[in-house]
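**Student:** What follows is a single structure, and I will ask about it in a moment.
What follows draws every value from the coordinates through simple rules; no lab data is involved. Keep in mind the model is a prediction, meaning the values are calculated, not measured. Please note: Cβ atoms are built from the backbone with ideal geometry, for glycine as well, and neighbour counts cover all protein chains shown.
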Amino acid sequence: MTHSEFVAAYTSGRLQVQIPPKEAARFISGRMLLPLFLLPVFGGAVALALIHAWVWAVLVFVAGLALRALVRATAHGYVLQRALANAAFYEQARAAGLLQMSAA
């Protein structure tokens, strides 16, 4: 199914799309390089704890965990939105097996 057919079928309600949340979170985390971003954040939290800035260390650590949770919670909606808006992303998500389509 081409991207234009996908968009037309989804917007008209003839197509239902299921996106597994865990696989979507893994896919988006990899594309955003989230582990490479969170590593310095958590390292900064440890550094703050080592200099006895406990409150700031906890805040930075919790902010890193919150970002990770936010990405996981919203990944499946983000994948669907991007697949509808961008043909190249649609092909990548389809190749990764994220879009499970069925007729409505």
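**Student:** Expressed as cubic angstrom per residue, what is the convex hull volume of the alpha carbon set of the chain?
**Tutor:** Expressed per residue, the convex hull around the Cα atoms of the chain is 91 Å³.
**Student:** May I ask for the distance between the Cα centers of segment 78-104 and segment 1-68, given as a whole number of Å?
**Tutor:** Spelled out, the Cα-based centre of one part sits 18 Å from the other.
**Student:** Expressed as a rounded percentage, what relative contact order does the chain have, with Cα pairs under 8 Å and six or more residues apart?
**Tutor:** Value for the chain: 45 percent.
**Student:** Any chance you could run the full-extension gain for residue 70 through residue 56? It's 0.36 nm times the residue separation minus the Cα-Cα distance, nm to one decimal.
**Tutor:** Gain in length upon complete extension: 3.0 nm.
**Student:** Which ordering of 91, 23, 5 is given by a fewest-first count of other beta-carbon atoms within 10 Å? Present the calculation step by step, with values, prior to reporting the outcome.
**Tutor:** On the way: 91 13, 23 17, 5 10.
Ranking 91, 23, 5 by Cβ neighbours within 10 Å, fewest first, gives 5, 91, 23.
**Student:** Something else: Multiplying the sequence separation of residue 12 and residue 32 by 0.36 nm and subtracting their Cα-Cα distance, what value in nm do you get?
**Tutor:** 4.1 nm
**Student:** Now a separate question. To the nearest 20 debye, what charge dipole does the chain have about its Cα centre, counting +1 at the Cβ of each Lys and Arg and -1 at the Cβ of each Asp and Glu?
**Tutor:** 100 debye
**Student:** How much net charge surrounds residue 98 when only other residues with a Cβ under 14 Å from its Cβ are counted (Lys, Arg +1; Asp, Glu -1)?
**Tutor:** Spelling it out: positives minus negatives among the neighbours equals +3.
**Student:** Taking Cα atoms, how many degrees apart are the long axis of helix 34-50 and the longest axis of the chain, rounded to 10 and kept between 0 and 90?
**Tutor:** Long axis of 34-50 versus the principal axis of the chain: about 20 degrees.
**Student:** Step through the residues of segment 6-16 one at a time and calculate ³J(HN,Hα) from phi using the Karplus curve (6.51 cos²θ - 1.76 cosθ + 1.60, θ = phi - 60°), rounding each to whole Hz and writing x for Gly and Pro.
**Tutor:** Ordered by residue, 3J(HN,Hα) equals 4, 5, 5, 5, 5, 5, 7, x, 7, 10, 10 Hz.
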